[in-house]
1. Compute the signed sum of charges (Lys and Arg +1, Asp and Glu -1) over the other residues within less than 13 Å, Cβ to Cβ, of Ser165.
2. Given the pairs Lys34/Lys142; Lys125/Lys158; Lys123/Lys281; Lys47/Lys243, which are separated by over 29 angstrom at their Cα positions?
3. Ranked by Cβ crowding within 10 angstrom, fewest neighbours first, how are Tyr271, Tyr161 ordered?
4. So for Met131, Met77, Met187, fewest C-beta neighbours within 10 Å to most, what's the order?
5. Once the Cβ-Cβ distance between Phe73 and Asn117 is put in as r, and R0 is 41 Å, what FRET efficiency do you end up with, to the nearest 0.05?
6. Rounding to the nearest 10 and keeping the result within 0 to 90°, find how far the Cα-based axis of helix 2-20 lies from the longest principal axis of the chain.
7. Report, in listed order, any pair from Lys57/Lys225; Lys71/Lys248; Lys71/Lys144 with a Cα-Cα distance greater than 29 Å.
8. List the trypsin sites (Lys or Arg not before Pro) within segment 100-163 that fall in a DSSP loop (any state other than H, G, I, E or B) and whose Cβ has at most 15 other Cβ atoms within 10 Å.
Amino acid sequence: MCLKKSSIFKCSIIAFTFFCSKTTAQKYLKKKLKIEFGTNYSVDNFKWSIAGNQQGKNPNVLSEITYKSIKRFGIAMNLHYNITNQFFFNVTLNHLYTINGQVTDIDYAGDNRTYPNSQLLFKSKKGKENMFNPYIDYLILKDKKINLVIGIGYNVTKNSYYFTSEQASDIKTIYYPTWQAAQLHTMLTSHLFNKFAIELRINESYLFYHATANWLLRTDFNHPKSFTDKAQGYGTDLDLEFKYCLFKHITINLSGIYSNWKTNAGIDVLYLSNGSNTRTKMNGAYRTVKGLFISGCYSF
C-alpha cells in the first residue's frame with residue numbers, strides 16, 4: 001500500500017510540472033557553470049534493532065534503538081558543470097549539526113517486543129552529518145516545455161548519533177552509521193514563467209550500510225569500538241525545488257526534501273572488554289528525513 005501511494009505521489013508531481021510549464025526550458029542549459037550555496041534544516045527519524053542470536057531468535061527483537069525528531073541545521077553546496085550540451089557533472093556537499101532530539105533504548109525478554117526489561121530515555125543534543133554526492137547526468141528530452149535528465153551517481157553519508165543528558169557535553173554513548181549508495185538519478189525541469197522554474201529530482205539508491213558504536217553505558221563492552229553493524233538495502237530521495245531568477249546570473253531557490261532509506265537484515269558483531277566477540281542478527285536500519293534548503297545560485 002505504501003509503495004502504491006509513493007508511486008501515485010511521484011506521478012502526480014511529474015504531471016503537475018508538465019502541464020504547468022508555459023515557456024521554454026532551454027535557458028537552463030545556457031549556463032556553463034553554476035554554484036549553489038545555502039542553509040539546510042532537516043528532521044531525522046532513525047531506528048535499528050538486533051535479535052538475540054544469528055538465527056534471529058531468543059528473542060527476535062532483543063534491543064531496539066530509536067532516534068526521534070533529530071533536528072539538524074547547517075550548510076550545503078551544489079556545483080553544476082555542463083560538460084557538453086547533453087552531459088552534465090554535479091556534486092552536492094552537506095555539513096549539518098544536531099540541534100536537538102531524543103532517543104530511546106529498549107531491551108526485550110520476549111518475542112515481538114514483549115516483556116521489556118530495560119527502558120532508557122535520553123536527549124540527543126550532539127551529532128553531525130556529512131554528505132558527498134557526485135553524479136553524471138544525460139539530457140534525454142528537451143522541448144519547448146520541459147527538460148528531462150537521467151544519470152548515475154554515488155552518495156556517501158556519514159552520521160553521528162549521541163545519547164546525552166540535558167547537557168550536550170554529558171555523553172552517554174555514540175553511534176556512527178555510514179550509508180554508501182549507488183544511485184539512479186532523474187531530474188525534471190520546467191519553466192512556469194519567465195523568471196520562475198520548478199525542478200523535481202528523484203534518486204533511487206542501492207545502499208551499503210556500516211556502523212560502529214562506542215557504547216559507554218556498558219562497562220563490559222570494549223571501548224571505543226563496542227560493536228559494528230553491516231547490512232544492505234535501498235532508498236528513495238525526493239527533492240522539489242522552486243527557482244526565481246533575481247538577476248541575470250543569480251537565482252534564489254527553495255527546496256523541500258524527503259528521504260526514505262532502509263536496510264535488509266544484516267550482521268551485528270559485539271566486542272567485549274575481555275577480548276571476545278559474539279555475532280547476532282541485525283534486523284535492519286530505517287531512516288526517514290524531511291528538510292528544507294534555502295539557497296542562492298550564481299551562473300557563469
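Since every read-out is calculated from the coordinates, none of them should be taken as a lab result. Bear in mind that the values here come from a model prediction, so they are computed numbers and not experimental data. Don't worry about glycine lacking a Cβ; one is built from the backbone with ideal geometry, like all the others, and counts go over all protein chains shown.
1. Working: positive: Lys123, Lys125, Lys126, Lys172; negative: Glu166, Asp170.
Every neighbour counted, the sum reads +2.
2. Working: Lys34/Lys142 19 Å; Lys125/Lys158 17 Å; Lys123/Lys281 27 Å; Lys47/Lys243 34 Å.
From Lys34/Lys142; Lys125/Lys158; Lys123/Lys281; Lys47/Lys243, over 29 Å: Lys47/Lys243.
3. Numbers: Tyr271 19, Tyr161 24.
Ascending number of Cβ neighbours within 10 Å: Tyr271, Tyr161.
4. Final ranking by Cβ density, sparse to dense: Met77, Met131, Met187.
5. On the way: r = 37 Å, r/R0 = 0.90.
The calculated FRET efficiency here is 0.65.
6. Its long axis makes an angle of about 20 degrees.
7. Working: Lys57/Lys225 25 Å; Lys71/Lys248 35 Å; Lys71/Lys144 41 Å.
The answer is Lys71/Lys248; Lys71/Lys144.
8. Working: sites: Arg113, Lys123, Lys125, Lys126, Lys128, Lys142, Lys144, Lys145, Lys158; in loops: Arg113, Lys125, Lys126, Lys144, Lys145.
Qualifying residues, ordered by number: Arg113, Lys144.
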